[in-house]
Structure formats: structure tokens, C-alpha cells
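Notes follow the structure.
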Amino acid sequence: MPLLGLFIAVTCLLTFFRKRSIRSQESATDRFWKKESIANNTRLKDLSGLPYITIPFDKFPIGMYENDLLKKYEKTLQALSGQKIVNLGTQTNTDLKIAYGTASLPALTDYEQNFTTLCQALTAYAGQLIELGHTNEARTILEYGISIGSDLSQNYLLLAEIYQSSGDTEQIRKLLSSAEQLDSLMKRSIVEKLTAMLPEESSVKI
């Protein structure tokens, strides 16, 4: 009898948690579709006020060095300069439709893709400059990447290595602080790697 009672109790408990999980899933699904319905009925809104990104070519060593890879990355950056670039962060398509209207979604998707391409090009460009020994120019480009919200781990780590090589611990701390503000799947990995680059007494807990 004690075993039967225990079995019944466990079964009831499992049934309770299963039903609660189902209710939670149904509630989340219901919220999603309500939000999506609102999004799909949002009218087109003006996009002129978006925080468009401008590439500061006057600060970059465009055309200064004869190298095929550098020329390739410079060409990519110059092509992007004629496009609209916006960092839309981690906003979902539903969020974007609610904020700017359903009809704006294709354009916003293009703007965000341009941002991703820009961040990738900046990191690759800086990496090649480092390979060629042009560290100061690479630093300028990588710092610009951080300033516009790049969440590429390589952008952070290459810049941190430049700071580390010059013994600039304070700049690594600032870089770590910036990484801690990221809303990205890469955040934890970046923070861990930057923390490991600091002297032990400067390390922070995640």
C-alpha cells in the first residue's frame, strides 16, 4: 500500500506539471499570434529617422597600401557606402513590423544585412592590416566597429590583443564593459575571453 500511494502521488505530480507546461505553451503561442496580428495590421511608417550608419572613410587607410586583400575589403566598404545601413539589434520581424509597418520589413531586412556585411568587412579589413603590420590603422577600424554595435567576437578579440600588446589594461576593461552590454548569443563567450586577458586582480565575474 505505501508503494501504491507513492506511485499515485508521483503520477499526480507529473500530470500536474505536464498540464501546467501545456498551459504555459498555449499561453505563449496565443501571445505570439496576437502580437503577430497587430504587426501584420500596422501601416507603413516613415523610415527617415532611423539611425543610419555612415562609414568614416577619412579615418581609414583607403588606397594607402598595395595588397589585393585590402583592396577587396576596401571595395566592399565603398560599395556599402552607397547603401542604407542600420543596426537593428535583436529585434524580431514581428517587432520591426509593429514599429515600422509590415510593408517596411523587406527594406529593414536589407538595412540589417548591410550592417552585418559591414561588421564582417571591417573585421576582415582590420585583420589583414594587422597581418601587414599596420596595427594603428587596424585599431581605428576595430574601434569603429565596436562604436556601431558590432557583436562579432573577432572584432572584440583583435582589438583586445592590440590593447594587450601595448599594455593598455584600461582599454581592455572598457572593451569588456562594452561587451557586457551586448544583447547577443556571443556575449558570454566574448566576456569570458576578454576577462581572461585581464590581470587576475582586474578580472570580473560573469
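The values are calculated or read from the model by the stated rules, or taken from the named source; none is laboratory data. Since the structure is predicted, the reported quantities are computational estimates derived from the model, not experimental observations. We place every Cβ from the backbone using ideal geometry, glycine too, and count neighbours over all the protein chains shown. Surface accessibility is based on the protein's heavy atoms, side chains included, excluding ligands, DNA and RNA. Shrake-Rupley method; radii C 1.70, N 1.55, O 1.52, S 1.80 Å.
Data for the structure
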item	result
Segment 46-128 - percent relative contact order, Cα under 8 Å, separation 6 or more	38
Label point 7 Å beyond Cα of Ile148 along Cβ direction - residues of segment 79-101 with amide nitrogen under 17 Å	79-90
Full-stretch length increase - Thr117, Gln91 - with 0.36 nm per residue and alpha-carbon distance subtracted	7.6 nm
Probe 1.4 Å - accessible area at Thr135, Å² to nearest ten	50
Restricting segment 97-206 to trypsin sites (Lys or Arg not before Pro) in coil, as DSSP defines it, with at most 12 other Cβ within 10 Å	Lys205
Label-point gap, in nm, between Lys75 and Ser178 - each point 7 angstrom along Cα→Cβ	2.9
Paired Rg and Dmax values of segment 81-206, which use every Cα atom, in angstrom	16.3, 52
Environment charge of Ile190, counting only residues whose C-beta is closer than 10 Å and scoring Lys/Arg +1, Asp/Glu -1	0
